[in-house]
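The values are calculated or read from the model by the stated rules, or taken from the named source; none is laboratory data. None of these values were measured; they are calculated from a predicted model. Cβ coordinates were reconstructed from backbone atoms using ideal geometry, including for glycine residues, and neighbour counts include every protein chain displayed. Ligands, DNA and RNA are excluded from the accessible area calculation, which covers all protein heavy atoms including side chains. Shrake-Rupley method; radii C 1.70, N 1.55, O 1.52, S 1.80 Å.
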Amino acid sequence: MKKSKVKNFFLISFLLFSLSSFAQSSFVLSCVNKPLNKVLIDFSDDYDINISFDDKMLSDIYISIDSTFADVGGMLHYLISETNLSYELDNDVWLIYPSGDELPIRRVFSGNITDAITGEPLPYADISCGGISSISDISGNFSCIRELLPDSMKVRVSYLGYYILDTMMYENSYNNLNLMPSSIGLTEIVISDLKVEKSTQFGYSPGLMKINHKIAHYLPGYGDNSVFNLIRLMPGILASGEQTSELIIWGSYAGQCKVDFDGYTVYGLRNFNDNISSFNPLLAKDIEIHKGGYNALYGGRVGGIVNIVGKTGDVSKPSFTFNINNMTLNAMADIPLSKRSSLIVAFRHTYYNLYSRVEMTALVQSSDNGTENEFTIKPSYSFRDANIKYSLTTKKNNLFYISLHGADDLFSYYIDEPVSDRNIQKDASEENQQLGGSAYYGLNWKNGNVTNLKVGYSGIATRLIDVTNWYFPDINTTEYKNDENDRNFLSEITASVNNTLNLNSRHILNFGFEYTNNTVQLEEYSFDVVTSFSDKSASLYTTYLQDKIWISQPLELDMGLRVAYSTSGENVYIEPRVSANYQLNEFWKIYGSAGIYNQFIALSTFYDDFGNFKYFWTICGNEDVPILNSTHFVLGTSYHKNNFTFNLEGYHKNTTGLTRFVNLPNSGIKDIFHGNSHTVGMDILLKEDYRKHSAWVAYSLSQTLEHFQYYEEDDTRRAPQDQLHEIKLALMLNFDPIFFSSNFVFGSGFPHDNTITTGYEDDYSYNRLDVSLIYKFLDRKLKGETGISVLNVLNHKNLKYTSFEKIPAAQTTGINFYTESMPITPTIYLKIML
């Protein structure tokens, strides 16, 4: 790469967003004896002009020309002046039709978007039908309506990680549009002069971003959490602290964000670091992240939503993928059962007692004199999960699938360290078992409308054991301080029907109904005595309406409404949503949204007598645990030109209904308290793609303040997840078959050392640099790659967000126990695909 181009890639391109576009002043047309249909197609591609015509009719007309025109109308007038054709401009689309025919005529264009190699449907692909934007559904199906006479229309289809397709669609025929992946594993095939959708998409709708899982595994890491490695590098999503069990998006609390995989909820796991994701990355096909301000199609959370669509399988040939790294074995088999059906089976497993022979350190600070020491902890961790998915596509491209998932993990650690005249002994463990499954059927109607039916189940069972003792070696006596055994179970049954109606070229109506039933069980034991038991169940009936209208070519308006009735709260909850997008010019867009969001289950917080946090699921809607309610306001702008992206989003959130169980005998506080939070923030993304390489900078500025009833009346404190600054840098270099990547994360730090009377004290900043090198080997029978990563290259001593803990060290004092996050760690992996 030449030095000047490198400079453009990393510096000059980041200044281009301040330049406005300029208008096209002239149009050049030059050809010899060429069919008119091909002349117009080339002209449309060169100048990005939307032209609609009957391809067959114009293929019999030959043109020779070498002229320059001041406008499109003059050019068309010249081309068809000696024919029986007429032209007209309709909503930024130039229509060519036989003279004497009347306009408009309502035509429906429909089709299916698939992977050209595997035949996999591509969900939520971006489609431009004659200048009007649309997206495909989960089955890859789409339809659009235009009021025009010609029975053909130009369409552009794009999907992350695939070459952009420009083609023609025809009415009264089902248009199968095949997209070619940018990386297909065969060195003999070379595709040139085609644009590729890159790693991410930003700035198309408020709070929405899409990421390309195909490039995620090139980032540093074990490869088994490649998707989350990419997600954590996006603006607005917390990366500092290496939280493992929950995504923290735009200042949300634990349990306020949802990860949906194939229609069932995937709950977080308690692995030791952020190295194993809660779903298998080999199965991911499409990933949408709704950070906030999303429309009425989504509900049930007051935070963000991550919507993941799994693969449906390759019906052309069987395949097998095997991945091994420092931590896990991961295998997936993709088996065609017929020309239209397939079966996917995937399995992951850790090496048992992965950390049993590793001694890890924790920073310990005495709460009475502030002295710091290091304890040695002996952790143990095991994990396994499995997925099975059967998919069938009918002759009418209706998609049916059954997707099943099961996982369990066990994390434990042991401490036996001297403090003063005693040994502090602590034996703690957490076990999680998850089950999930869904069945889906998508029905395509002849008029281009779609009905989707889905049922699902998800559940998580958690068991926490915490035993703390003081052992006095001088007198050989043990004093038992704590012996807790807690069990928490959450299940969710869902059923939904969704309908999409294409009313006309500028009006799409989406409506549906959802049923949800939640059951929560909680058992708490202390020294084998039951201290708390509850078993609650509640149902939620929801109907929603989402209306998308293109007011004009640059202005898009979304209005939505969700109405829910909860049997727990015995009340009706109304959630209006509205958003607007305005295309200022070819490169700039501004957008905004506002909405109300409710949540009917919550991951409530429990404070023990030393101020430690403990979490458990509860059903909302009663006097003790109110319904969570939040208002979102989002305002943003984006700039896209060539391979450069600039995105700026500001957001404001108010959330009420927070619940905290506080048990602090020494402070005289023991009760259930309610609270609220206030979050304000800003995300900035600068991203440049140069040839096959990518680089981006993501910056987040945010503040989350909370107030609970046990605070003084005007007192607000920083929320546990509050962090003012976070900056992320990423670089991905593609010298196929060699790939180099690096990323750096800096966070200004979380509040910690919390006490019920003084709130929060010092922060510890977070920074971590990771690098990786990957080599791909390819031939006709065996494909694969191997890579090495070094995590936390600078060996900075970071602290884990979820491991701030106090344990008793004397009658009235304790020690602060902070577990260090990832030290400098080399990792290797090998991936083989047959």
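Using alpha carbons only, how many angstrom separate the centre of segment 514-563 from the centre of segment 440-470? Answer, in whole Å: 12. Here the simple spin-label model places points 7 Å from the Cα toward Cβ, and for Ser30 and Ser748 these points are separated by 5.8 nm. Legend: calculated FRET efficiency, Tyr62 to Asp166, from the Cβ-Cβ distance at R0 = 25 Å, rounded to 0.05, equals 0.65. In the assembled protein chains, Glu712 presents an accessible area of approximately 140 Å² (probe radius 1.4 Å).
Estimated at the nearest 10 Å², the accessible area of Met327 is 10 Å² with a 1.4 Å probe. Residues whose amide H comes within less than 5 Å of that of Tyr829, counting only those at least five positions distant or on another chain, are Gly787 (H built at 1.01 Å from N in the peptide plane).
Cross-link pairs exceeding 19 Å in C-alpha to C-alpha distance, out of Lys38/Lys446; Lys692/Lys776; Lys291/Lys797, comprise Lys38/Lys446; Lys291/Lys797. Loop-located trypsin sites (Lys or Arg not before Pro) across segment 644-751 with a Cβ neighbour count of 14 or fewer within 10 Å are Arg691, with loop assigned by DSSP.
Residue ranges 432-439, 71-78 sort as 432-439, 71-78 when ordered by packing (mean number of other C-beta atoms within 10 Å per residue, highest first). Applying both filters, DSSP loop and at most 15 other Cβ atoms within 10 Å, to the trypsin sites (Lys or Arg not before Pro) of segment 415-520 gives Lys446. Taking the Cα centre of each part, how many Å lie between segment 287-352 and segment 647-711? Each part's Cα centre sits 29 Å from the other's. When DSSP beta bridges are restricted to pairs lying wholly in segment 32-98, around 75% turn out antiparallel.
The phi-based Karplus calculation (6.51 cos²θ - 1.76 cosθ + 1.60; θ = phi - 60°) puts the 3J(HN,Hα) values of segment 691-701 at 6, 9, 9, 9, 8, 8, 10, 10, 10, 10, 10 Hz, whole numbers, x for Gly and Pro.
Using 0.36 nm per residue and subtracting the Cα-Cα separation, the extra length available between Gln553 and Lys38 on full extension is 182.8 nm.
Pairs from the list Lys210/Lys536; Lys210/Lys653; Lys34/Lys154 with a Cα-Cα gap above 31 Å: Lys210/Lys536.
Accessible surface calculations at 1.4 Å, restricted to protein heavy atoms, place segment 452-495 at 49 Å² per residue.
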